[in-house]
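Engineer: The structure under discussion is supplied below as structure tokens; questions concerning it will follow.
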Amino acid sequence: MELRFLGGAREVGRSALLVNDRLLLDFGILAGEPLQFPLETPTVEAIVASHGHLDHVGNVPTLMRGEDWPEIHWTPPTGELARTLARDTLKLHGVPESGAATGRFQPRELGGTYNCPFTETHVKRTTQQSRSHGYGEPFTAAGHEITFFDAGHIPGSAHVLVDDGDTRLLYTGDFHTDDQRLVAGTTARPEADLLVVESTYSDVEHEARATVEERFVRSVEQTLWEGGTVVIPAFAIGRTQEMLLLCAAHDIPCYVDGMGKGVTDMLLQYPAFVRDPEALRRARSHARFVTGRDGQRRRIAEKSTAIVTTSGMLTGGPAMTYIPAIKGDPTNKIALTGYQVADTPGRDLLETGSAEIDNRRMRVSAQVEQYDFSAHADRDGLLAFLDSYRDTPVLVNHGDRCERFAAELRGAGFEATAPRNGDSVAF
């Protein structure tokens with residue numbers, strides 16, 4: 001088996017792994033200005049997607065630009081999420097249909113206006129080429145036998161087992177070994193001859209989820225008792241639903257705004273891929289969905305309530321209305337629910353107490369807190385997972401410290417390396 005890393009090696013973003021020059025595992029985007037894409041767009045027979053996050057499926061429609069479109073294999077929620085993200089990317093960065101269709105796409109780094117290499121036509125083609133599969137149901141793609149196993153990251157996320165007849169590759173995608181309210185932690189440990197493992201939190205030990213939840217609930221309730229408003233920036237996929245489940249479980253009044261609304265409704269259509277479908281339905285009924293019409297957001301911001309809204313790092317979305325509306329009152333609170341990437345407004349707010357929100361630099365007097373609701377395995381979770389693969393060569397990717405983690409694994413007796421983008425590995 002021959003692997004070529006086209007993205008996601010020694011970085012978090014634009015994951016893309018080419019297998020035997022015929023099969024592609026993931027094809028994502030690295031968010032930022034400008035967007036960054038895998039090193040190349042290969043011609044392949046099929047692509048298999050591990051899960052529906054931008055850094056893993058955000059660039060899939062670009063594969064539909066040529067004449068020979070590959071089959072796309074994923075779980076049902078991953079397909080739905082990929083199309084949702086693609087259309088959001090088009091809204092933010094899209095090129096007019098005529099430009100891309102005639103090959104006149106020119107990205108920003110070349111002096112162009114746009115930074116998205118696909119159009120709505122290409123997104124529609126992903127539906128035409130889509131093939132959906134459940135967990136534990138082997139299928140064939142580009143001459144390889146593929147099996148999905150529940151990865152415990154978000155609904156529909158999968159470890160991908162690839163068998164070319166000689167070698168069994170396990171590509172973990174992103175995974176979590178602990179239970180979340182939305183999905184249960186992964187217990188799958190399929191046999192493999194080669195392992196490509198994510199390492200996002202290889203040097204972090206998560207606080208116990210129950211402890212994080214208790215601290216979060218206590219803080220939110222205290223603010224509401226004092227008459228304040230709590231804005232809860234959350235990623236639309238996974239994190240928003242986790243927050244709605246938590247609010248419903250503790251009877252915290254809440255609104256939900258942004259892309260997370262549609263994602264929540266979509267996930268309810270696939271109950272087999274969530275841990276407790278009835279709890280998610282109750283959480284959906286408990287929350288009030290925001291339309292955004294007629295100044296609704298500003299009126300909500302004046303209420304003593306919790307508001308779960310995109311974006312999770314304050315880079316856009318309805319948060320651009322809520323944060324300015326509540327920023328001046330120290331009784332109010334901004335509860336960040338995930339990691340804040342460097343150079344994002346969320347990170348800036350944590351470190352300086354001010355941030356550029358909607359193109360304006362703002363000093364925030366409201367309280368700012370951060371909670372670790374990560375959907376990734378931490379160091380202990382990674383090592384517990386890897387313990388089942390002590391005799392298996394390990395390729396470490398999807399992390400900022402891949403080299404260091406691979407070195408630690410070698411010190412513990414593993415055969416481990418951390419490839420670079422562009423590297424080829426034969427096994």
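The values are calculated or read from the model by the stated rules, or taken from the named source; none is laboratory data. If you're wondering where the values come from, they're calculated on a predicted model, not measured in any experiment. FYI the Cβ positions are ideal-geometry reconstructions off the backbone, even for glycines, and counts take in every protein chain you see. Note: accessible area is taken over every heavy atom of the protein model, side chains too, but ligands, DNA and RNA are not part of it. Shrake-Rupley method; radii C 1.70, N 1.55, O 1.52, S 1.80 Å.
Engineer: Given a 1.4 angstrom probe, I'd like the percentage of the accessible area of the chain that is carbon and sulfur, rounded to a whole number. The partial results should precede the final answer.
Structural biologist: Values: 7530 of 17120 Å².
Taking all protein chains in place, the chain shows 44 percent carbon and sulfur surface.
Engineer: What is the spin-label model distance, in nm, from Glu40 to Glu403 if the labels are put 7 Å beyond Cα along the C-beta direction?
Structural biologist: According to this spin-label approximation, the distance is 2.5 nm.
Engineer: Indicate, rounded to the nearest 5 percent, the antiparallel portion of the DSSP beta bridges found entirely in segment 322-427. Before the final figure, lay out the partial values.
Structural biologist: Numbers: 4 of 10 bridges.
Of the beta bridges lying entirely in segment 322-427, close to 40 percent run antiparallel.
Engineer: Report for the chain the percent antiparallel among DSSP-assigned beta bridges with both residues inside it, nearest 5. Could you put the intermediate results ahead of the total?
Structural biologist: Working: 28 of 63 bridges.
Roughly 45 percent of the beta bridges in the chain run antiparallel, per DSSP.
Engineer: Using the Cα centre of the chain as the reference point, and only Cβ charges (+1 on K/R, -1 on D/E), how large is the resulting charge dipole? Debye, rounded to the nearest 20.
Structural biologist: 1760
Engineer: With every protein chain present, what is the per residue accessible area of the chain (1.4 Å probe, Å²)?
Structural biologist: Working: 17120 Å² over 427 residues.
Averaged over the residues of the chain, the accessible area is 40 Å².
Engineer: For the chain, set up a Gaussian network in which alpha carbons nearer than 10 Å are linked by springs, and say which option among Tyr201, Tyr270, Tyr255 fluctuates the most.
Structural biologist: Checking each option, the largest mean-square fluctuation is seen for Tyr270.
Engineer: Ranking request for peptides 349-358, 73-82, 19-28, 189-198: highest mean number of other beta-carbon atoms within 10 Å first, then the rest in descending order. Before the final figure, lay out the partial values.
Structural biologist: On the way: 349-358: 16.3, 73-82: 25.5, 19-28: 23.9, 189-198: 19.6.
In decreasing order of mean packing, 349-358, 73-82, 19-28, 189-198 become 73-82, 19-28, 189-198, 349-358.
Engineer: What 222 nm value per residue comes from the helices of the chain, counting each DSSP H run with n ≥ 4 as -39,500 (n - 2.57) and dividing by all residues, nearest 500 deg cm²/dmol?
Structural biologist: About -8000 deg cm²/dmol.
Engineer: Which order do peptides 416-423, 373-380, 58-65 fall in by mean Cβ count within 10 Å, highest first? Each step should come with its number before you reach the end.
Structural biologist: Numbers: 416-423: 17.1, 373-380: 22.2, 58-65: 24.6.
Sorting 416-423, 373-380, 58-65 by mean packing, highest first, produces 58-65, 373-380, 416-423.
Engineer: Return the ratio Rg/(2.2 N^0.38 Å) for segment 192-302, where Rg is computed over Cα atoms only. Walk me through the numbers on the way to the answer.
Structural biologist: Values: Rg = 16.7 Å, N = 111, 2.2 N^0.38 = 13.2 Å.
Against the empirical 2.2 N^0.38 Å value, I get 1.27 for segment 192-302.
Engineer: Over the C-alpha atoms of the chain, what are the Rg and the largest Cα-to-Cα span, Dmax, in Å?
Structural biologist: Final numbers for Rg and Dmax: 21.3, 64 Å.
Engineer: On to the next question. Are there cysteines in the chain with no second cysteine's Cβ under 4.7 Å away, and if so, which?
Structural biologist: Lone cysteines by the Cβ rule: Cys116, Cys402.
Engineer: Among Thr177, Thr43, Thr186, which one shows the biggest mean-square fluctuation in a GNM of the chain, springs joining Cα atoms closer than 10 Å?
Structural biologist: Largest GNM mean-square fluctuation: Thr43.
Engineer: Gaussian network model of the chain, Cα springs within a sub-10 Å range: biggest mean-square fluctuation belongs to which of Lys91, Lys261, Lys333?
Structural biologist: With Cα springs under 10 Å in the chain, the top fluctuation among Lys91, Lys261, Lys333 is at Lys91.
Engineer: Let a ≥ b ≥ c be the square roots of the eigenvalues of the Cα gyration tensor of segment 375-427; is it rounded (a/c under 1.5), or, if not, prolate (a/b larger than b/c) or oblate?
Structural biologist: On the way: a/c = 1.74, a/b = 1.23, b/c = 1.41.
Here segment 375-427 falls in the oblate category.
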